[in-house]
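First the structure, in the form of structure tokens, and then the observations on it.
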Amino acid sequence: CQSSLWVEDCSPFPNLEYLEMSYNNIPSLDVTQNPKLMYLNVAYGKFDTIDLSHNPLLKEFWCYYSNLVKIDMSNNPDLEVLGCFECEFLIELDISKNTKLRNLSARDTQLTEINLTGCPILIELVRTGVRQFKSVYECWYTGTWGYFEDKEKDWLLQFSPNMKLIIDDELLDPTIEE
């Protein structure tokens, strides 16, 4: 499946492991018959829903600048990387069972909070406060958002400054320092 093919249904490819569908104008994408899928990129996608519940081996999901409203990763226990930044319609994100998640970019969305309770790597990253930036000139963009990083371990968390971070029902104050 390649975006130049404009394929909406990938069921004829049950052994598909890698799917690059960014910059695509298809109205929907069905990957429910692709249980071996490990990498999916639908960045700049026009559809507002996607069912990833049948992709338990998914390790990376990129959907930045897409129209997704809800992202449910609860059936993707191997997920390590989730890039959902600049999803202007995103109001719900479930990462409650993603114990291997080490890289989350969720800034500039409609999310008001991120519950990190099921993400021990990101919890450790936030609690140790490895690094937090005020100026994103250090982070390739303009504007201001929170940023925790451990380059040695390849861990990353990006969030909007008005977003609440929650761990075990405890609200963390991710205030961006001057």
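Derivation of every value follows stated rules applied to the coordinates shown; laboratory data play no part. Owing to the predicted nature of the structure, the values given are computational and were not obtained by experimental measurement. Cβ placement follows ideal geometry from the backbone for every residue including glycine, while neighbour counts extend to all protein chains displayed.
Numbers at a glance
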{"read-out": "Straight-distance crosslink candidates among lysines, where the alpha carbon sits under 24 Å from Lys100 and sequence neighbours closer than 8 are dropped", "value": "Lys36, Lys59, Lys70, Lys151, Lys153, Lys164"}
{"read-out": "Kirkwood Rh in Å, taken over all unlike Cα pairs in segment 39-133", "value": "13.3"}
{"read-out": "Theoretical FRET efficiency, 1/(1+(r/R0)^6), r = Cβ-Cβ of His54 and Gln110, R0 35 Å, to 0.05", "value": "0.85"}
{"read-out": "Derived scalar couplings ³J(HN,Hα) [segment 33-47; Karplus, 6.51 cos²θ - 1.76 cosθ + 1.60; whole Hz; x for Gly, Pro]", "value": "9, 10, x, 9, 4, 10, 9, 9, 10, 10, 4, 6, x, 8, 7"}
{"read-out": "Peptides ranked, highest mean first, by Cβ atoms within 10 Å: ranges 148-156, 105-113", "value": "105-113, 148-156"}
{"read-out": "Spin-label pair Phe13/Lys164, simplified geometry with 7 Å Cα→Cβ offset, distance in nm", "value": "4.1"}
